[in-house]
Every structure is written in structure tokens, then in C-alpha cells.
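Chemist: This is the structure I want to talk about, given as C-alpha cells.
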Amino acid sequence: MSAEAVDRVAAVSSSRPSTPLQTSWFEFLLDASLLEKHLQKSNPDPTAVQLIIQFLEQASKPSVNEQNQVQPPVDNRRNRTLKLLALKVAAYLKWDLDVLEKGLTIPVLNMLLNELLCVSKVPAGVKHVDLDLSTLPPTTAMAVIIYNRWAIRTIVLSSFPEKQTKPGPHQMNMLNVVQQEKEMTENILTVLKEQAMDSISVLEGALRLKKDFYVHTMRTLDLLAAEAAANGETESSTAGLCFSADELHCQVHYDLGAIFFQQGCTDQPAFEKARDHFRHTKELLKKLDSTVHVHLDEKRLAGYWNACKALTGDCDSSCDSQYSHYDQINSLIRTRKYQAVIDIFIKDNISHSLPNQFRRSVLREFMYSVQQGESGLDEVCHKLCVCNAIRDVLEGEVVSVRFQQLITKPSRQLLDFILEVCTKSLDKDRQLDTPRRNMAHFIRSLCDTLEDPSLVFVITSHKLFTELLMEEERKVLLDQVRRKSATINLSAKPLPSFYDIPASASVNIGQLEQQLILSQEPRRIRQLMIELHGLAERPYWRVNSKWEVPSDYINLTLSIKDNLTKDLVYILMAKGLHCISIKDFAHARLLFSACLELVTEFSPRLRQVMLNEILLLEVRAHETVAAEGGKERPPPDLVSRVRGYLEMRIHDLPLRQVVGEECVAFLLNWRENDYLTLQVPSSLVMNNPYVKLGQLLASTCKELPGPKESRRTAKELWEVVVQICSVSVQHKRNNDGRVGLMKQRESSLGIMPRSKLVSFIKKLREPLVMTTLISLFVRLHSIVRDDIVNEVTAEHLSIWPSSLPNIQAVDVEVVAVTVKELVSYALTLNPNNQSWLITQADIYFVTNQYSVALNFYLQAGAVSSDFFTKAVPPDVYTDQVLKRMIKCCSMMNCHTQVAVLCQFLREVDYMTAFKALQEQNSHDAMDSFYDYIWDVTILEYLTHIHHKRGETEKRQIAIKAIGQTELNTSNPEEVLQLAAQKRKKRFLQAMAKLYF
């Protein structure tokens, strides 16, 4: 009894209830009647699409021959039956592409539909566009139509953005599977896109057929499997599932409309074709009152239809009254009748026939036109913004920020228009309470917002004010208006001094707080703070939870006794730090300068804090410019201030570690190695880990050209990094006295944690410093992995020790992760560094990610040879690199590429080349690579292999390649070398197109 059978017996005999066992795929091979019974269950497990995947996966598994070579799937009865079972499941689903596309990946569905073409007797080797559908048997024609419908649907679906699924951590095999599936999908999509016009022609031909169509069912597929169906009579019968011409045409029109709509982005007339197809789709849907064979997303169809009419200017809405408003508005915009558009928006505030999204999109379109410089549309934008805001008010929604900005200082004309829209937007026939309450609240808030009393009196004298507000509310508002008009000093102007800005009265604390959050101007922030403190004493530094001051400065800042000054210092510092984080250095300087001016007179400690933060600001600003390509060295004053900060010793002054960290990185980036190695105080090196690390890096970089025995600093740097990557080991003794379990915890011996080391490295960008660090970690990685065959390479490896005294203490995973992070970051600084590219390729190679590794090997060759227009230097493509490229191609079953690369070695590897050419399941283009082979021995072997296999066409290609005059062995050596170089360049360029 098999292990699986034992498990089943155990499950049945168990006394406790259990989940029903999932039916295995092989059971359907044993019982022909089981499939239909299984699919008819209410919740079959596995589901229909899962069964298709399992059947095709088992049928396409490669086999292994006696020589342990992987062979293509065997064409035997078992595999043919599995493919037929997959087709029967699809037939049970009535070939519903919506269901199949949701459950199956593109490669699986491609395999399934190709099997359908095969069993439907579609002529092999003939393009579908060359077939006459009217002369084909019904099920054969339908198979062609289904395949080409899927082809154009797949092209359309692939253009939509899709969130990529990510495998979990430590799943390298899963990453390989995902990568392979992605490559297969991309290859299939490439072919489908190349044949898109042929697929469109096939479907347009299907629209000309007026007869019913038939597709295979489970029963007709069983007949095909029987020997009686060998004469092909099943294909010419009408035993399959019948699709009426209208049903199929409806679906085909929709699919063609979708592909033409996608093409309209680059071909404007295609939108008209899409519109016509969608019109036919809608007409046929109305004609087909009830159908089980047409599956359309009618909301998407409506969206397509509306978009096509807007893009083509088709305003004929006779067949679709539902969208007459859209057509009318689009027509009015095109004819520049903007007042009519505004009138429609006002009327819609009562009818609510236009969605809010559409109304906002119209406003955005006008605003975009204004930004592009079109004149005369500002007023239209303002009026549409008002109309949308009143619609939001009536529905109880929050009005837009744009409207709030509009009414901060409105004109009399705009206010009159707001009141006009409010009046016209209230339904006179239906006096609903909710809209009227919302409108009354809006009128009150409008009175609170307006600062000009004359404008407030315009509202209070309007009839809406009397109709919507109760008498008590009106009295309160009028009293507030009178007090405001008596206290506001409209002639007040800010004085030049930062301290002499007068406070202006305000009744809306919330509004002032909102302005405080948005403002980045120090003067305006101070004015707002004075006004707020005049209205209510509270801690305004808490207004916005996003305002953050470093924890080192919190106590010093909040200990300020004067509440206004405390709020100002906190807010100016928090806003300045935020501006630095978004690289808005201009505003950050203004905010920090204002804060410095504020604290200078009463707190020397806060003054020094602000000077330190301004230094960090200047360092980051200069480094940002340098990272974007700036070559200008920092001014001497800035370098001097950085040195001064590192050497500063002020008692009881909070110092942020990040400032010292970035100062050291700044000195390394601008090659201030003499200061770090010769002038920095020894006490500073002992107390500041970043200074110590910077000094060791600077010394090592200076000594790199020197003799090996003088590299004492390199060894010291090595020991510091090894300690950071080490763990401390503890042994636990059991009760019997023997040493038992071993505990590990993060080492406290290192001068800093690994995370802080990586953070510091990511502030560096000096090439020699980065190369030194990469070299160090690559050597450490090689030692702890202890895999001589698969070592990562880098420059300057000889300067580091070749062994570790306590290798068990080093955390292997920490080193591996750090190497990957370090090289990836270095390539963001310079993606064209040959050495770093080779190192990155090696990292992927030793972790068995061969496709990505080959990509980086090719990148290294490309950047060193002007994209292979010149010969790749031999120090880039060494024999080791070439052998790794060969292995990458071999592991991806690209055996012809292996044979070509074997020629690149200093001594041609004939054994590997011949073995590769013996493989029959090569996944590359095979004979199309023969033109890149210049070694006559390999070409002769190819000719022999193809002759032995009876592959006449490929043999002729090999003979043609060997017959080129420039490969004649009697030629001078210079001619032969030139022929080899020419083929090398062309081959590497072809490989780059494949893998880039």
C-alpha cells in the first residue's frame, strides 16, 4: 500500500471529525466518470481552474533519460489524457475567458488554448490570418476565434498596472520560479503583440460570418479521444455547445473595442474604431435580452463608451440617453460655451445626476489649461470651484481646500456668485431639512471666515440669511460682526524687525491653526503665534502631531518658561527639520535663521544647538548637490566648521549623533584624509566611533598604493568590522556537568551595531572608500562561507587577512546581507563601475540566481566597451567571469549560448561546447546563434550532430556558417582574429538585448 493510501485509511479510521480530503489529480486518470461528478459539487476542492493547472503541470513535466539528462515531456497516453482532462474542465466552464483569465497565468492559459487548437485540428504551420473561417469545421473555427480573442484581451490586460506578488524571505527557489514565469510571460506577450494585427484581422473576419458557432464540450472531447473519432467527423458535426452569431459577435465587438481603445493612445483614429465596436456591442446586448454565453462588465463597457464619445467628439446620444449630460458638457467645452457649463453644474446641485468625480475632473481640466497658459479661464475655474463646493455642502461633505483658499480674500463679485449658487441650489419643490441645515451651517462658517466686515454685511443682508438661520443665530452673528469691525485695524503693517510684528484680531482659532500648519515663512508664523496666544493660552506646539523635534533637544526646548517663545522655538525647529527632510533647503535656512535669532539673546545652549543644526543643514545641502552631479568642492569655511564641530567640547550640551556621523562622512566624501589621519585629536578617535571608523578608512585608502607590509591600518579596520559582525557565544552546562545548548546574543564588543554601520556607509559616495569597504566585506564573506569554488570577487582583496582566528563568532547571515546592501547601494552611486558590477554579478551567481547574474556580467562588459562596439578588456571578462557566464547559460538551458561563450576562453573549451550542443531541449534561439560561431571545429561538430539527427534545415544553416570565406583556416591570423572580434561584438550585443 502506498504512503498516500495509508494516510487515507488513517484519516477514515480516525474517530474525530476531519476536513474532507482533497481529491488528487491522478484519481481522475483512474476513473473517467469522476471529473464531471467532482465539478458538479457546490464547492469542489480542488476548484476547476486548480485542476487545469495540476493537469497541465503534470503533463508538461520534463523526463530524465538513462544518462541523467533532462528531456522534453514524453508524448505518451498518460500525458495526452491529462491534457484532454484540462480541456474538459475548460469545456465545463464553457470556455469563459473571464473565469480562465482570473484563475490561470498567461503561460498556463497559453498552453491550454494551444492544446485546444491542436485537438480542434487547426492546420499546423499556417497563420490564423491565412485561414478562411467560413470553410473550416465549426469547432475548428471556434477554437481559432477563442485563441485570438484571448490574445488581444491579454495584450489589453497586460497594459494595466498590477501589484507584484512577493515571495517570503529565504525563498530563493521561489524567486527562481517567479523569475522564470515572468520571463515566459514576457516572451508570450512579445509574440502576441507582434501578431496583434493578425489577431484583429481574424476576429474581424469572424464578424462577417452570420452562422451559428460551435465549441467543444466534455462529450465531444470524449469522442475525439475515442478511436472512432480518428477520421475527423466530430469537427464537422454540430455536436458541440452552440453559440449564436449575435452572442459571439457581441463578445468579439467588445474585445476589438478594447484593443482599439488601447491603441488610441498612439493612434488617434483608433478611438473611432473602438467607439464603433462598442456601439455594436451595446446594440447586440439590447437585442440579446437573456444569454448565458456573453460575459461583459457592463460598467466598464459604459466607461469605454463614454470615453470614446468624449475623445472622438461624437455627441449623438440618441442611442444612450443616460450619458447625454456628459456629451452635452464635453460639446460645450469644445465650443467654449463655458457659462452654459456653469449653468449645468448649478442645476445639477438639485438633480444630482452628475457624479462628483466627473464634476471635479472637469474642474481639473480647466485648471490644467490655466497652468498651460490659456488666458481667460481663471474666472471659470473659480465659478466651477464654487459650484462643486456648494454641492459638497448640500451633501454634508467637507469642502475642498481650493475653495477655502478662494474665500480667504474674496471679491464682492465672487461673494455675490456664491450667494446666487446657494439660492439656486436649494430645491423649492422639496423643502428637505438636511440640505437646508447644511446650507445654514455653511452660511454661518462663511461669516466667521470673512475678515472684511463689509463682505459679511453682504451676507447678513441677503434673504438666505433670514430664511435659513434662526433669530437667535442671526443676533449672535451680527454681534460678532460689529465687534470685529470695531477692533480690526486695517492699516496695520508689519515692521522690519522680526520682534515688532503686531497681532491682528481673529475669531477663528481653528483657521489660524490651519494657517500655522501650512505656513513656512518665519514672519507669518510669528504673527500667527501672537494672534493665537492673544485669543487663548494653550501649548500650540502640539497643534500638529507631525511636528517633531529630536529627543536630544526636547527637554532643553520645553524648559523655556515663556509659552510664546517655547512654541515658536519648537515649531520653527520642527518645520526646519521637515524642510530638510524634503530637501527644501531654502525654507529650512530661513526657519533655522529665525530660530537662531530668537534664542541667541536668552539661551547660549540653544544658540549652539541651532548652530549645529545649521551646520548639518549646510552639509546635507552640499552633499545633495554633489549627489546630483555637482563637482564644486565645499567652501573652506564649511570644512573648517565641520572640523570645529568634531573637536567641540561644551559641557552639558546635547549633541545629536547624526551630526557627527554626517560630518565624518562629509570629510571622507571630499577626501579630507590628511585631517582624519594626521590632525584629528586622539581623544576624539577614542570617544567617537564614527571618527575612529573614518580615520581607519582614510588611512587604508591612503596606504592602498603602498607595499603590502605597510598596510597595518587595513588590518586594524578589518578587526573593527569583524567585531561589528560578530556575536558573543555562551555555553550552558547541564546538570550532569556536560556542556549543552549554546546561546548567541548580539555582540557588545563592536564600536557600533551593524545597522548603524550600514546607515553610515549609505552616507558615503567617494569611489575609493566604497571600493575599500566592498573589498573588505567580500573577503569576509568568502572566509565565513568557506566555498572556494563559488567565491565573490572584488578589487584589492590581497590587503585583507586570509583567515579568522574565531570564525564561529562571525554571523554569516549578517555578513551576507551587508555585502548585498553595500554593493546595491554602491551601484546607485555609479551604475557603470565595472568592478562593482562584476561583484554584484558574483553575489547573484553564488546564490544561484543565474538570469540576474548574467544580466550584471553583461552590464560590466557593456560599460567597459561602449556597449560592445569595442572589445571587452580581458581584465573585465577574465576566464573565471566567462566560465560563470557559461554556467549561467547552462543552468537556464540556453545551450547554444554556452557553445558560443566557450570560444571566448583563452583555450576553447570543446568538451563543454560539444556537450551543450548535444542537448535537444535548448531554450535559446539555437540555429540563429550559429552566425556568431567562428571556431571551425565547433561548426563541424554542429554539422555532424544535425546530420546524425536528420535535421536538414539546421544542418544547412551550420554549413552556410562554416562556408564563410573569412573563417577559412588558410587566412592570415589577422583576418581570423578580425572575424572572431566581429562575431564576439555581435553576439554580446544580441545577449544584451535578451537579458537587459
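No value in this document is a laboratory result; all are computed from the given coordinates. As the structure is a computational prediction, the values presented were derived from the model and not from experiment. Quick reminder, even Gly has a Cβ in these numbers, built from the backbone with ideal geometry, and neighbours come from all protein chains shown.
Chemist: For the range 555-691, just the Cα atoms, rotate onto the principal axes and tell me the three extents in Å, largest first.
Modeler: In descending order, the Cα extents are 47, 36, 21 Å.
Chemist: Another question, if that's okay. Can you give me the distance in nm between label points at K424 and R986, each placed 7 Å from the Cα along the Cα-to-Cβ direction?
Modeler: So the label points at K424 and R986 sit 7.3 nm apart.
Chemist: Say R0 is 30 Å: what FRET efficiency, to the nearest 0.05, do N43 and V74 get from their beta-carbon distance? Don't skip to the answer; put the middle values down first.
Modeler: Values: r = 35 Å, r/R0 = 1.16.
It comes out at approximately 0.30.
Chemist: Moving to a separate point now. In whole Å, what are the extents of the range 537-621 along the principal axes defined by its C-alpha atoms, from largest to smallest?
Modeler: 36, 28, 21
Chemist: Kindly flag which residue pairs out of K102/K211; K182/K763; K37/K287; K763/K993; K37/K286; K211/K273 have an alpha-carbon separation exceeding 32 Å in this structure. Please report the intermediate quantities before stating the final value.
Modeler: Working: K102/K211 30 Å; K182/K763 34 Å; K37/K287 35 Å; K763/K993 34 Å; K37/K286 36 Å; K211/K273 24 Å.
In this structure, K182/K763; K37/K287; K763/K993; K37/K286 exceed 32 Å between Cα atoms.
Chemist: Another question, if that's okay. Two decimals is fine: what is log10 I(q)/I(0) at q = 0.12, 0.13, 0.16, 0.17 Å⁻¹ for the range 94-165, from a Debye sum with one equal scatterer on every Cα and no solvent?
Modeler: For the range 94-165, the Cα-only Debye profile gives -0.36, -0.42, -0.61, -0.67.
Chemist: How high is the relative contact order of the chain, given as a whole-number percent (alpha carbon pairs under 8 Å, six or more residues apart)? Walk me through the intermediate numbers first.
Modeler: Numbers: 1020 pairs, mean separation 41.8, N = 996.
Over the chain, the number comes to 4 percent.
Chemist: For the chain, what does -39500 (n - 2.57) per DSSP helix run (n ≥ 4), summed and divided by total residues, give at 222 nm, in deg cm²/dmol to the nearest 500?
Modeler: On the way: 47 runs with 616 residues, N = 996.
My calculation for the chain gives -19500 deg cm²/dmol from helical runs alone.
Chemist: Sticking with the crude label model, points 7 Å out along Cα→Cβ, report the distance from D452 to A586 in nm, one decimal please.
Modeler: Going from the D452 label point to the A586 one covers 3.0 nm.
Chemist: Also, I was wondering about something else. Give me the compactness ratio for the range 883-973, meaning the Cα radius of gyration over 2.2 N^0.38 Å.
Modeler: Working: Rg = 12.7 Å, N = 91, 2.2 N^0.38 = 12.2 Å.
Normalised Cα radius of gyration, the range 883-973: 1.04.
Chemist: Please list, ordered by chain and number, the residues whose modelled amide H lies under 5 Å from the amide H of F243; skip anything fewer than 5 residues away on the same chain.
Modeler: Amide H neighbours of F243, under 5 Å, 5+ apart: F213, Y214, V215.
Chemist: If each of S683 and E628 carries a label point 7 Å out from its Cα toward its Cβ, how far apart are those two points in nm?
Modeler: My value for the distance between the label points is 4.1 nm.
Chemist: Once fully extended, how much extra length lies between D297 and D416, figured as 0.36 nm per residue of separation less the alpha-carbon to alpha-carbon distance? List each step's numbers first, then the result.
Modeler: Numbers: separation 119, 0.36 × 119 = 42.84 nm, distance 4.54 nm.
Gain on extension, D297 to D416, equals 38.3 nm.
Chemist: Let me ask another. Would you calculate the volume per residue, in Å³, of the smallest convex hull containing every Cα atom of the range 635-724? Write out the running numbers ahead of the final one.
Modeler: On the way: hull volume 9.7 nm³, N = 90.
So the per-residue Cα hull volume is 108 Å³.
Chemist: Quick check on the range 846-899: take the gyration tensor over C-alpha atoms, sort the square-rooted eigenvalues as a ≥ b ≥ c, and tell me if it's rounded (a/c under 1.5), prolate or oblate. Walk me through the numbers before you get to the answer.
Modeler: Details: a/c = 1.89, a/b = 1.73, b/c = 1.09.
Cα axes put the range 846-899 in the prolate bin.
Chemist: Where does each of 901-914, 795-808 land if you order them by average Cβ count within 10 Å, highest first?
Modeler: Details: 901-914: 17.7, 795-808: 13.7.
My ranking of the peptides, most packed first, is 901-914, 795-808.
Chemist: For the range 345-405, state which GluC sites (Glu not before Pro) are in a DSSP loop and have at most 13 other beta carbons lying within 10 Å of their beta carbon. If you can, show how the numbers build up before the last one.
Modeler: On the way: sites: E365, E374, E379, E395, E397; in loops: E374, E395, E397.
In loop regions of the range 345-405 (DSSP not H, G, I, E or B), the sparsely surrounded GluC sites (Glu not before Pro) are E374, E395, E397.
Chemist: Over the C-alpha atoms of the chain, what are the Rg and the largest Cα-to-Cα span, Dmax, in Å?
Modeler: For the chain, the Cα-based Rg and Dmax read 38.2, 112 Å.
Chemist: Work out, step by step, the length gained on full extension between V727 and Y368: first 0.36 nm times the residue separation, then minus their alpha carbon distance; give nm to one decimal.
Modeler: 123.3 nm
Chemist: Grab the beta carbon distance between R524 and H944, set R0 = 56 Å, and tell me the FRET efficiency rounded to 0.05. Provide the component values of the computation, followed by the final result.
Modeler: Working: r = 86 Å, r/R0 = 1.53.
Between R524 and H944 the formula returns 0.05.
Chemist: Exceeding 19 Å between C-alpha atoms, which entries from my cross-link table qualify? They are K424/K463; K692/K820; K915/K960.
Modeler: On the way: K424/K463 13 Å; K692/K820 24 Å; K915/K960 22 Å.
Distance filter (> 19 Å) returns K692/K820; K915/K960.
Chemist: Using the beta-carbon distance between R542 and E283 and R0 = 60 Å, what value does 1/(1 + (r/R0)^6) give for FRET efficiency, to the nearest 0.05? Each step should come with its number before you reach the end.
Modeler: Numbers: r = 63 Å, r/R0 = 1.05.
Efficiency for this residue pair is about 0.45.
Chemist: Over all directions, the average projected area of the alpha-carbon convex hull for the range 365-409 comes to how many nm²? Spell out each step's value before the answer.
Modeler: Details: hull surface 13.5 nm².
Quarter of the Cα hull surface area: 3.4 nm².
Chemist: Would you mind counting up the charge near Q180? Only other residues with Cβ under 15 Å from its Cβ, with Lys and Arg at +1 and Asp and Glu at -1.
Modeler: On the way: positive: K61, K182; negative: E57, E181, E183, E186, D924.
After counting each charged neighbour, the total is -3.
Chemist: So how much slack lies between F26 and E974, counting 0.36 nm per residue of separation and subtracting their Cα-Cα distance, in nm?
Modeler: On the way: separation 948, 0.36 × 948 = 341.28 nm, distance 6.30 nm.
Gain on extension, F26 to E974, equals 335.0 nm.
Chemist: How would you classify the range 795-897 from its alpha-carbon gyration tensor, with a ≥ b ≥ c the square roots of the eigenvalues: rounded for a/c under 1.5, else prolate if a/b is greater than b/c, otherwise oblate? Walk me through the numbers before you get to the answer.
Modeler: Working: a/c = 1.92, a/b = 1.52, b/c = 1.26.
Prolate shape, in that a/c is at least 1.5 and a/b is the bigger ratio.
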